[in-house]
Amino acid sequence: MTYIVATSSSFPSQYYSQEVLATALKKFCLAMDLDFELDIIDRFFTSVFVKGRYFTLPLDSFYDIPGPAATARAAIEASISLCEKNVLKLLEKTKLDPKEISQLTCVTLTAAVPSIDARLMNRIPFSPSLKRCPIFGLGCLGGAAGVARVADYLEGHPQEAAILLSVELASALWQGSLQLDLQSMINGLPEDPSVYSDIISTIVAAALFGDGSAGVLMVGRDHPLAQPGLPQVIDTRASWLPNTVHLMGMELVDTGFRSIIRLQVGDYVKAGLRQAIDSLLEAHNLSVDKISRWIVHPDGPKVLDAVEEELGLDAQALKLSRETLAQAGNFLSATVLHMLNETMTKEPPPRGTYDLLMAMGPGFSQELILLQW
């Protein structure tokens, strides 16, 4: 049993409405004389029910595309700064010294070698013997999976404290990859109609993903900060569906990175979800109706609809998920950790109640965390 002692979240200062982002994409298509129905952009940017998103890298260079090296440098620097803010918040809340942290896990899609956590150690005086665990490639799944992996570590090190960080910068794709990829695919559409599904997937991703960062400080059961009233990780489950790698992810193509989220992803959410949840809950003599709050990563409205339908949840059960999606979009692995922070800081559930934290991501995979307050 491990304890979640403190949480934090941080966002970039720039915020763009969905209308501004859709307009930028349409103007680019017009400027490049791309033969494509622009109403489709409006339709998908509206149908995801996102009002706006935070962007670290601004739209100022949308028509004056920087090179990949400049984008990578800016993304790495921004990722370190956002993670630093979260660590300082966590340490302030718990009054711990950085050297009291035994393990640091960092989940991100920002490619960096040395990793973001290694670079962060040059800004915060962690112990030189700090154990680091950078995690790459989990996408939306990473926040929940990170909690599970840190809990596993603390089970074997019950006197220690660990920090989980997540930072995701979808705005980096708007620095050339998105524009050049759409231009290439739309120009090639007459010769290869099959690319149409990739165009739609790219537009859906452009309509959904934003930037954000979050942090969680966890301790083992024998740590001095392990006190009653804090959420405890009771158990975890992972679920993976074979032959579904095409549903979600990120590909390196000739024009840069391509973010992928297929329209069919909602159809796959139900497959294995109920079985995994029932297995987890039954192991603790619980059922779906005993869960007080559902902290479900909002991959998109269709995914949330599928979760509600499969589990028989009422319209209020996923209110936090839908509100988060509307306010900031899907900021990948950090989203569910931000929702956990909202739950802990605004209106913690009553003592003794159970919550279920869950996320879905590339693989196609699902990760479940059973919490008790």
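The values are calculated or read from the model by the stated rules, or taken from the named source; none is laboratory data. These figures come from a predicted structure and were not determined experimentally. All Cβ positions, glycine included, derive from the backbone under ideal geometry; neighbour counts span all protein chains shown.
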*Would a scan of the stretch 15-36 turn up a residue that is in contact with a Lys or Arg (Cβ under 9 Å, 6 or more places away or on another chain) and farther than 22 Å from GLU323 by Cα?*
no
*asked:* Just the residues that are polar (S, T, N, Q) and in contact with a Phe, Trp or Tyr (Cβ under 7 Å, 6 or more places away or on another chain), please, taken from the stretch 79-107.
replied: GLN103
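Within the stretch 1-82, considering only strands (runs of 3 or more DSSP E) that don't extend past its boundaries, which have at least 1 residues that are surrounded by fewer than 16 Cβ atoms within 10 Å (Cβ to Cβ)?
Numbers: elements: 2-10, 14-17, 52-55.
Answer list for the stretch 1-82: 14-17.
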*Identify all residues within the stretch 106-136 that are under 18 Å from LEU337 (Cα atoms) and part of a loop (DSSP other than H, G, I, E, B); write none if there are none.*
LEU109, THR110
*Specify the residue that is farthest from the chain's Cα centre (by Cα); the eligible residues are those in the stretch 294-350 that are small (Gly, Ala, Ser) and assigned to a helix (DSSP H, G or I).*
ALA306
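Give the stretch 189-206 a look and list any residue that's of a type in the set (Ser, Thr, Tyr) and within 27 Å of the chain's Cα centre (by Cα), or say none. It would help to see each step written out before you state the result.
To start, the set of residues in the stretch 189-206 that are of a type in the set (Ser, Thr, Tyr) comprises 194, 196-197, 201-202.
TYR196, SER197, SER201, THR202, listed by residue number.
Restricting attention to strands (runs of 3 or more DSSP E) lying wholly within the stretch 168-287, give those where 1 or more residues are crowded, with 19+ Cβ neighbours inside 10 Å, modelled with pLDDT of 90 or more and not aromatic (Phe, Trp, Tyr).
In the stretch 168-287, 211-220, 232-240 are the strands (runs of 3 or more DSSP E) which contain 1 or more residues that are crowded, with 19+ Cβ neighbours inside 10 Å, modelled with pLDDT of 90 or more and not aromatic (Phe, Trp, Tyr).
Do we find that GLN227 is over 21 Å from the mean Cα position of the chain (by Cα), outside the structural domain of ILE80 (by TED's automatic domain parsing) and within 30 Å of LYS89 (Cβ to Cβ) in this structure? Write out each step before concluding.
On the way: over 21 Å from the mean Cα position of the chain (by Cα): yes; outside the structural domain of ILE80 (by TED's automatic domain parsing): yes; within 30 Å of LYS89 (Cβ to Cβ): yes.
Taking the combined requirement at face value, the residue satisfies it.
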*Restricting the first residue to the stretch 313-341 and requiring it to be outside the structural domain of ARG274 (by TED's automatic domain parsing), which pairs with a second residue that is crowded, with 24+ Cβ neighbours inside 10 Å and outside any loop (DSSP other than H, G, I, E, B) meet a Cβ separation below 6 Å and a spacing of at least six or different chains?*
none
*asked:* Which count do you get for residues in the stretch 149-167 that are of a type in the set (A, V, I, L, M, F, W, C) and surrounded by fewer than 19 Cβ atoms within 10 Å (Cβ to Cβ)?
replied: 0
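Out of THR110, THR94, THR105, I need the residue that is modelled with pLDDT under 95 and either surrounded by fewer than 19 Cβ atoms within 10 Å (Cβ to Cβ) or among the polar types (S, T, N, Q) (or both). Which one?
THR110
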*Per-region count, the stretch 346-364, residues closer than 13 Å to ILE291 by Cβ and among the aliphatic types (A, V, I, L, M)*: 3
*May I ask you to verify whether PRO114 is touching a Pro at 6+ places or on another chain (Cβ under 6 Å), within 19 Å of GLU84 (Cβ to Cβ) and either of a type outside the set (A, V, I, L, M, F, W, C) or touching a residue at least 60 places away in the same chain (Cβ under 8 Å) (or both)?*
no
